[in-house]
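Everything below concerns the one structure shown next.
The values are calculated or read from the model by the stated rules, or taken from the named source; none is laboratory data. This one's a predicted model, so the numbers in the text were calculated from it and none came from an experiment. For neighbour counting, all protein chains shown are included, and Cβ atoms are generated from backbone atoms with ideal geometry for every residue, glycine included.
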Amino acid sequence: MNKFLIILCLLCSFQITHAQQLMLNMGKTISTFDYKNSDGNKLDNLLSRSYGYMEAGYKLPVFTENFKVLANVTYNKYGASGSERSYYFEWDMAYLGGNVGLEYDLWRIGDFFNRKNGFVKGREGLIFFIKGTFSGEFLITGTQQINNQAYNLKGVEQFDQPLFFVRGGAGLSYGFSEDVALFFQYMGGKSFPLLKGNPDDKEELSLITHQFGFGVLIKILHK
């Protein structure tokens with residue numbers, strides 16, 4: 001992890017000519033638990049839940065304007081529900097954290113809708129991009145409900161520890177002016193195990209997420 005952060009800082013130091021962008025993104029997270037019991041069998045009757053999320057940060061081009069490094073602060077809510085025999089389960093958790101990542105513009109169509117009218121000379125147009133991120137998140141609040149009884153997840157080892165995610169996805173952005181663009185993206189990911197048994201125990205619990213977001217980019221020019 002330390003080597004990754006050092007490489008990221010070195011990449012940022014090479015960027016001296018391109019503009020960075022501030023970013024605000026919000027949308028929906030569909031999350032579910034990926035749980036295997038001590039025999040390695042999946043629990044099939046766990047259902048996904050949908051919550052809102054928010055993300056704010058910046059993009060910094062390196063070497064070329066098509067390749068960017070990302071750094072964001074995130075607020076996410078996750079959960080799942082399920083039942084087994086006469087028991088009903090429900091989880092509801094809120095996390096605050098941050099992510100770093102890489103983004104690459106696969107193709108651009110300059111001034112896609114007004115190509116020849118000259119309305120905005122610096123318009124970037126329509127851009128299709130791919131991205132990948134790594135995040136670390138910390139539990140703010142969390143509850144587990146079993147039938148009619150609710151339990152606080154703060155202090156519970158499996159949940160009240162840093163939650164690490166790897167995510168990947170793609171999106172479209174469109175620049176309406178030289179400085180402002182709107183974008184839509186999808187990011188899918190899976191957490192590192194919250195719970196992992198010993199070598200003789202195959203029990204494991206991870207979170208799987210699908211995020212659909214809409215946001216705005218604001219360009220900041222370097223002096």
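Within the range 203-219, is there a residue that is under 19 Å from N25 (Cα atoms), modelled with pLDDT under 90, surrounded by 13 or more Cβ atoms within 10 Å (Cβ to Cβ) and touching an Asp or Glu at 6+ places or on another chain (Cβ under 9 Å)? The answer is yes; a qualifying residue exists. Residue count for the range 145-167 under the criterion of being in a strand (DSSP E or B) and more than 12 Å from S191 (Cα to Cα): the result is 6. Take the conditions (1) within 18 Å of the chain's Cα centre (by Cα); (2) closer than 24 Å to E203 by Cα; (3) modelled with pLDDT under 90; S31 misses just one of them, which is (3).
So is D105 surrounded by 15 or more Cβ atoms within 10 Å (Cβ to Cβ) and either in contact with a His (Cβ under 6 Å, 6 or more places away or on another chain) or modelled with pLDDT of 85 or more (or both) or not? Judged against the criteria, D105 is a match.
Taken over the range 108-136, residues that are more than 14 Å from K59 (Cβ to Cβ) and either assigned to a strand (DSSP E or B) or modelled with pLDDT of 80 or more (or both) amount to 7. Just checking, does the range 55-76 include any residue being part of a loop (DSSP other than H, G, I, E, B) and either without any contact (Cβ under 8 Å) to a residue 40 or more places away in the chain or of a type outside the set (F, W, Y) (or both)? No; the residues of the range 55-76 include none that is part of a loop (DSSP other than H, G, I, E, B) and either without any contact (Cβ under 8 Å) to a residue 40 or more places away in the chain or of a type outside the set (F, W, Y) (or both).
For every residue, the table says whether it meets (1) within 22 Å of G79 (Cβ to Cβ); (2) surrounded by 15 or more Cβ atoms within 10 Å (Cβ to Cβ); (3) of a type in the set (D, E).
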site: I146; (1), (2), (3): yes, no, no
site: L153; (1), (2), (3): yes, yes, no
site: Q161; (1), (2), (3): yes, no, no
site: F164; (1), (2), (3): yes, yes, no
site: G171; (1), (2), (3): no, yes, no
site: S177; (1), (2), (3): no, no, no
site: L182; (1), (2), (3): no, no, no
site: M187; (1), (2), (3): yes, yes, no
site: F192; (1), (2), (3): yes, no, no
